[in-house]
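Working notes, structure below.
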Amino acid sequence: MIRISALARHPLAIAGALVATAMAVVFVALAIAMTAGWLDNPYAGLVVFVVVPALFVVGVLLIPAGMQLQRRKQAHHADPAEDWPVVDFRRPVVRRTALLVTALTAVNVVIMLLAGYGGLHWMESPGFCGQACHTPMHPQFTAWQSGSHARIACVKCHIGEGAAAFAHAKLSGVRQLVHVGAGSYERPIPPGAQMPPGAQAQTCLGCHRTDRITGDVIRVIREYADDAAGTETRTILQMHVGAASPSGRAIHWHADPAVRVEYIATDNRAETIPYVRVTRPGGQVTEFVSPDAKEEAFDAGMRRRMDCIDCHNTVGHPIAQTPERAVDDAIAAGLVSRQLPHARREAVRLMTAHATDANGAGAIERGMRTFYQAQQTSIDQRALAMNATALEGLYGRNVFPAMKVTWGSYPDNKGHVTSSGCFRCHGGSQVAKDGSTINGDCEYCHKQIEAPPGS
C-alpha cells in the first residue's frame, strides 16, 4: 500500500504546499489591510483579489499533481495490487489525516469564497473602472469625479438589474480587457458607452421621479466679452421643465411613462435621426420621417425608445463642449478673476491653442505669464496665479491627448447651442403624413425673460 504521506514528499507537491500556505497568509493579511483602509492604490484590488488567489489556486493544484507524479514513480517498484491507498478509519493515523485534509479543504473554500466576493466587490468600484484601466477610462473617470453624480458608482448606471444584465456586463468586460491588453481600444472611447437597455427604468428612475411636481425653473446663462474688462452679459430663461408648467408644456414630457417616443438613429452618436414615432397616452400614433431617408438606412440604424440619457447623455461624466463655455463658467464661479485685463480672451486663446498638446497645462501657464509680463502696466500677481491654477484645472478635466479627447469630443444633447441636441428631432426635417413636423418653436421649451443687450 502506498502511503499518502509518502506521495506528498514529491518536490512538486512540497512546492505547491509552500505556495498555497504562503498565498493564504498573504491574502488574509492584505484583505485585512484593505478592509482597514490601509491600501488605497487602485491596483491593490488587482493584487489582493486576482493575483494572490490565482497563485493560491496554482499552489493547491500542484499538490495533487506532485502526488500523482510520485505515484507513477513508485508504481514501477510496487505490487500492482497495492497501487491505490486503502483508507482504513480504524487506524488513528488515517483518522488524523482525514481530519487534516477536511480542515484544510474548508480553509481553502473559505479563502476562495472571500477572494471571489472581494474580487466582485472590487470590480464594481469606481477605482477599478477608472483607474485600473487608467488610460482608456481616464477622461470619463476624471469628469465623473467633478460631475453631479460623483457619489454614484459606475455600475449603478452602466449595469442593469438582474442576472442577465450582470452576465452581459461581465462578458463585455472580458472583451474590453482583451482590447486594453492589445491596445486596440477606440480613441476616444465612444460616447454613451453601452448603457443597458431600459436605462431610464433601471437606473435614472431609481433616484429621479417623473411624477414629481417641478413646474418651471429659472436658468441664468452668463457670458463674458473679450474686452479688457470682460464685460458680463446675462441670458435668463424660464425653462418649462416639469408637468406643472403653467404653459401646459414640459421638457420632461419625453420621460413621461404614459408617452412612448421611439426613434431610429443612423450613426453611433445618435446625432442623425431620420425617423421618430410618438405614441400618446390615448394610443394615438404619429410617425415623422425625413423625406430624403432611405429604407435601408432604417434597417441598418439603431432603433430605441427615448429615455433620460437621450438628452442627459453627458450627465455622468461631463466634458466641456467649448473652451469659451468652460472659461465663462469658471469666471461666473469666481475661479478666474477679471481683474486681469483681457482675462477671458487670453484664457480662451490659450485653451484653444493647446487643445491637443500633451503638455498643454504647463504651456497655458507659461503663455499667460508671458503675455502679462509683456504688458506695460503692473499686473496683480495674485490674480495671475489664481487664473493660471484655475485654467490648469480646466484643461486637466477636459483635455486628454492620449485618448484624443478635447473640447466637444462628446456632444451634449441637453440643449442646442454647442451641438444639434434638441434639433435632432425638433429641427423640422422629419415630416408626418399630414404634413406636420415636430414642434421647433423656441418658447415650446423655454421663455426668455432677460436677454443680452443688443440681442
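The values are calculated or read from the model by the stated rules, or taken from the named source; none is laboratory data. Just so it is clear, the model here is predicted, and its values are computed rather than measured. Every residue, glycine as well, gets a Cβ built from its backbone with ideal geometry; the counts of neighbours run over all protein chains shown.
Worth a mention:
- Test: residue in segment 435-448 that is within 20 Å of Tyr224 (Cα to Cα), loosely packed, with under 15 Cβ neighbours inside 10 Å and in contact (Cβ under 8 Å) with a residue 40 or more places away in the chain: yes
- Every condition in (1) farther than 30 Å from Lys433 by Cα; (2) of a type in the set (A, V, I, L, M, F, W, C); (3) buried (at least 16 other Cβ atoms within 10 Å of the Cβ) holds for Ala358 except the one numbered (3).
- Segments classed as strands (runs of 3 or more DSSP E), wholly inside segment 214-319, with at least 1 members that are surrounded by 13 or more Cβ atoms within 10 Å (Cβ to Cβ) and touching a helix residue (DSSP H, G or I) at 6+ places or on another chain (Cβ under 7 Å): 216-224, 232-240, 260-265, 275-279
- A Cβ distance below 7 Å, combined with a sequence gap of six or more or placement on separate chains, defines the contacts here; from segment 276-299, residues that are basic (Lys, Arg) reach residues that are assigned to a loop (DSSP other than H, G, I, E, B) in the pairs Arg280/Val259.
- Enumeration of residues in segment 325-350 that are over 25 Å from Ala150 (Cα atoms) and buried (at least 22 other Cβ atoms within 10 Å of the Cβ): Leu340, Ala343, Arg344, Ala347, Leu350
- With respect to (1) surrounded by 14 or more Cβ atoms within 10 Å (Cβ to Cβ); (2) out of contact with any helix residue (DSSP H, G or I) (no Cβ under 9 Å at 6 or more places or on another chain); (3) not assigned by TED's automatic domain parsing to the domain that holds Cys308, the lone exception for Arg382 is condition (1).
- None of Thr370, Thr314 is of a type in the set (Val, Ile, Thr) and without any contact (Cβ under 8 Å) to a residue 24 or more places away in the chain except Thr370.
- So Thr322, is it closer than 29 Å to Phe423 by Cα, modelled with pLDDT of 90 or more and surrounded by fewer than 18 Cβ atoms within 10 Å (Cβ to Cβ): yes
- Of all residues in segment 91-117 being of a type in the set (Ser, Thr, Tyr) and over 16 Å from Val48 (Cα atoms), the one that is surrounded by the most Cβ atoms within 10 Å (Cβ to Cβ): Thr97
- Count of segment 124-149 residues, restricted to those that are modelled with pLDDT under 80 and of a type in the set (A, V, I, L, M), is 1.
- Test: residue in segment 420-430 that is free of Cβ contacts under 8 Å to residues at least 12 places away in the same chain and part of a loop (DSSP other than H, G, I, E, B): no
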